[in-house]
Each structure stands twice: as C-alpha cells, then as structure tokens.
Amino acid sequence: MTVNIQYVGVDVSETLSAFTEEKLKKIFNRYEFLISASVHFKQNENQHDTGKICNIELSLPGPRIFATSNERNFEVSVRETIKDLERQLEKRKEVYKTH
C-alpha cells in the first residue's frame, strides 16, 4: 500500500496523516487490486463554514478513481471522500469478478 499525502497551503498534521492512512488501509485490505493512493489537503479561505477540502485519487488497473469533499473539518472531509470512493469501487469490483 503506497499512500502519498500532500498539504497544499495547510500545516502538516501527523494525526491527520495517521487517520487518513488508517481509513485507506481498510479500503486497500478490502480491494486487493488497488495500487496506490494520492491524497491532497487544501483549505478554501472564501468559505467560512466549510472550506476543508480533501482530494483522493486511487490508482488501480484501468482508469483511476477520484473523489473530493468540502466539509467543516478535515476528518469529516476524509470520511465523506472515502465513502464516495467505496461507492465507485463497488461498481468497479463487478468488472473484476470472475464468472
């Protein structure tokens, strides 16, 4: 499992990195065809009640899967993004099933 985490205009947080890797580890264990994940954390100053943006891109055979979420804090943003990715992975998993 390769996870690349980047903070764009946001202070680096070890706890946020650990939280994100823990959530991604569950996905990597469930879907064995995943290769790597690229995570970007950004903050939009123009949105006061939201603005914590998490982008996650998963590499796997075929087209990459991407999801983004804009929430009030980064932990909620990570959870929402991962929920979106799981929905996409369930659809993709049907393609990889052997008949």
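When Phe33, Phe74 are checked against the criterion of being open to solvent by less than 30 Å² (accessible area, probe 1.4 Å) and among the aromatic types (Phe, Trp, Tyr), a single residue qualifies: Phe74. Going through the stretch 29-49 one residue at a time, which ones are among the aliphatic types (A, V, I, L, M) and at pLDDT 95 or above? Correct list: Ala37, Val39. Is one or more of the residues making up the stretch 50-57 among the charged types (D, E, K, R), modelled with pLDDT of 90 or more and over 16 Å from Ile5 (Cβ atoms)? Taking every residue of the stretch 50-57 in turn, none turns out to be among the charged types (D, E, K, R), modelled with pLDDT of 90 or more and over 16 Å from Ile5 (Cβ atoms). Evaluation of Ser69 against the conditions (1) buried (at least 17 other Cβ atoms within 10 Å of the Cβ); (2) without any contact (Cβ under 8 Å) to a residue 24 or more places away in the chain; (3) assigned to a helix (DSSP H, G or I) shows that the sole unmet condition is (3). Just the residues that are within 19 Å of Leu85 (Cβ to Cβ), among the hydrophobic types (A, V, I, L, M, F, W, C) and surrounded by 15 or more Cβ atoms within 10 Å (Cβ to Cβ), please, taken from the stretch 7-30. Correct list: Leu16, Phe19, Leu24, Ile27, Phe28. Can Glu94 be described as assigned to a helix (DSSP H, G or I) and either surrounded by 15 or more Cβ atoms within 10 Å (Cβ to Cβ) or of a type in the set (Gly, Ala, Ser) (or both)? Criteria not met by Glu94.
Checked against (1) under 20 Å from Ile65 (Cα atoms); (2) in a loop (DSSP other than H, G, I, E, B), Val10 passes all but condition (1).
The values are calculated or read from the model by the stated rules, or taken from the named source; none is laboratory data. Predicted model only: the values in this text are computed from it and were never measured. Cβ coordinates were reconstructed from backbone atoms using ideal geometry, including for glycine residues, and neighbour counts include every protein chain displayed. Areas reflect the complete protein model, heavy atoms only, side chains present, ligands, DNA and RNA absent. Shrake-Rupley method; radii C 1.70, N 1.55, O 1.52, S 1.80 Å.
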